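Read through the structure below, which is laid out as structure tokens, and then see the notes.
Quick note: the coordinates plus some simple rules give every number you see, no bench work behind them. As the structure is a computational prediction, the values presented were derived from the model and not from experiment. Note: ideal-geometry Cβ built from the backbone for every residue, glycine included; neighbour counts use all protein chains shown.
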Amino acid sequence: MTEETLGEMMSRRGMSRRTFLKFCTAVASSMALPPSMAPVMAESLANARRRSVIWLSFQECTGCTESLTRSYSPTLEKLIFDFISLDYHHTLSAASGHAVEKAREEAMEANQGEYLLIVDGSIPVKDGGVYSTIAGMTNRQMLEETARHAKAIVAVGTCAAFGGIPKAKPNPTGAVSVEDIITDKPIVHVPGCPPIGEVITGTVSHYLTFNTLPELDDKRRPLAFFGDTIHDRCYRRPFYDQGKFAESFDDEGARKGWCLYKLGCKAPIAHNACATVKWNQGTSFPIQSGHGCFACSEPDFWDQGGFYKPLSAGVWGSAEGIAAAAAAGVAVGAGAAAVSRARQKKLAEGESEDTFKGGV
Amino acid sequence: MADMNRLADIPVRVEGDAPDGAQAEGGMAEAIVGEVAQHLARLVESGEAGAIDLQSMPMTEADKAALREALGEGEVEATVQVIGPTRIHETGYPGVWWIQHMNAEEHVVAEQLEIARVPGLLSAHEADVRAALQRLRARTQDEG
């Protein structure tokens, strides 16, 4: 950790405090914090010092790193890389082999008890963990060693948070999540397959700015991003309330942009920020592009009975899904909920079988 | 093809209603105007500034257009260049500013209404002013 504050560092590079204010305004907006928080965050961040971050990648596809880096270059949000000292990251590191492993060991030594550990990917534990090793260490060994002196852990992506796709049936490598192994450290989950880049940035920024972890839900996800369901925030929500649904991907309803619930949209049980933060620099999100959400930020999303089956027909639907959708309906009007519950019952009885011709 | 490197550059022809329902008006504009009035009342009574985050509202393009029309255009326009432009304009209601923060690729990263006498981003920060004074003094000394 250097003694220079981030404000001094940026000033040395000819950047004003407006840079911090703009960055924090964007972060506050994506975290749904009151806009009045932005100036406070900007002050705090400018007075903070660079923090050491160690990023470990296990059984993963690098989609999480792609999500963070590709969508940004060379933009405002990329400033996060100036605000941290990224001391170890397989994909982004210029060094390799022994040199990069040494960098990890040195960062751990120099910042004992202070560094932030970010993990993406699940950890295979079957057969002694042989299915994924780095520099002769199993993923489990490396995680345990690196977590020991970390201040906190951010499990980025559904694999690190919940096991994700490697854990999908029949889970050939015995994949588990970070919290299955590490039980004595503060852990934040930033799930998604991949997670939204801004959500990763926002969570890390919160830690840098307030020196605490954000408030979490019962699945350890920051409430700021995962407090609402996609359905709560969906611009197609009025169509759901009006009972206007697309029945197939090429019917009149689909062309008019009606609700995709009957086509298997899992938005009512999916907690994530896609509907507001969106993807590709705010261009769109799956539902806006005409496809239902498949709740990739929820545990075991891959094994929930099919992406194109409505919630009411799937494993998820019977309890939590319908309850969530109906409860949300009540807020708009008790009538809508009653109607939708009747509709869901009908769907559950098999009305929806042919909604996706060609199937999955 | 050389300059067709952004999504917005790819021509798209939409027949009939846009398939994403973006043309439907959800009635958000009027609700936001009401909120603006509350903030403005606070500014008048106690001098307290406020802001409304437009990005986190479930607004369609039509909603946004309706809001823009409701608030209108005022006298002041400003662009701040901080890793991409931030465009600020005063609406037809003095003290109510429409602020669009863009990144270097000119994609909107945040959009808000700020209710203040002067938007916070326009004023120079104390630390920057002090640094400016140091730089100016250093320059004078060099020349002297």
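A few comments on the model shown:
- In this structure, A:Gly243 qualifies as at positive phi and surrounded by fewer than 22 Cβ atoms within 10 Å (Cβ to Cβ).
- Taken across segment B:61-72, residues that are within 10 Å of the chain's Cα centre (by Cα) and farther than 22 Å from A:Gly7 by Cβ do not occur at all.
- Filtering A:Gly97, A:Gly121, A:Gly128, A:Gly113 for residues that are of a type outside the set (A, V, I, L, M) and either closer than 30 Å to A:Ser297 by Cβ or in contact (Cβ under 8 Å) with a residue 40 or more places away in the chain (or both) leaves a single hit, A:Gly121.
- Checking each residue in segment B:103-115 for being more than 7 Å from every other protein chain (Cβ to nearest Cβ) and surrounded by fewer than 19 Cβ atoms within 10 Å (Cβ to Cβ) picks out only B:Glu106.
- The conditions of being touching a residue at least 12 places away in the same chain (Cβ under 8 Å), out of contact with any Phe, Trp or Tyr (no Cβ under 9 Å at 6 or more places or on another chain) and of a type in the set (Asp, Glu) are met by A:Asp232.
- Of all residues making up segment A:32-45, the number that are in contact (Cβ under 8 Å) with a residue 24 or more places away in the chain, surrounded by fewer than 24 Cβ atoms within 10 Å (Cβ to Cβ) and within 10 Å of another protein chain (Cβ to nearest Cβ): 2
- Of all residues making up segment A:245-274, the number that are within 18 Å of A:Thr158 (Cβ to Cβ) and within 11 Å of chain B (Cβ to nearest Cβ): 1
- Among the residues of segment A:238-256, those identified as without any contact (Cβ under 8 Å) to a residue 24 or more places away in the chain and assigned to a helix (DSSP H, G or I) are A:Pro238, A:Phe239, A:Glu252, A:Gly253, A:Arg255.
- Residue match in segment A:65-85 (condition: small (Gly, Ala, Ser), touching a strand residue (DSSP E or B) at 6+ places or on another chain (Cβ under 7 Å) and more than 9 Å from every other protein chain (Cβ to nearest Cβ)): yes
- Summed over segment A:292-314, the residues that are in a loop (DSSP other than H, G, I, E, B) and over 21 Å from A:Gln242 (Cβ atoms) give a count of 14.
- Selection within segment A:128-173 - in a strand (DSSP E or B) and closer than 28 Å to A:His271 by Cβ: A:Ala152, A:Ile153, A:Val154, A:Ala155, A:Val156
- Exclusive hit being touching a strand residue (DSSP E or B) at 6+ places or on another chain (Cβ under 8 Å) and surrounded by fewer than 16 Cβ atoms within 10 Å (Cβ to Cβ), set A:Glu60, A:Glu114: A:Glu114
- Within segment A:223-234, considering residues that are surrounded by 23 or more Cβ atoms within 10 Å (Cβ to Cβ) and not β-branched (Val, Ile, Thr), the one farthest from the other protein chains (Cβ to nearest Cβ): A:Phe226
- Residues that are over 25 Å from A:Phe23 (Cα atoms), assigned to a helix (DSSP H, G or I) and not hydroxyl-bearing (Ser, Thr, Tyr), drawn from segment B:44-66: B:Val44, B:Glu45, B:Ala62, B:Asp63, B:Ala65, B:Ala66
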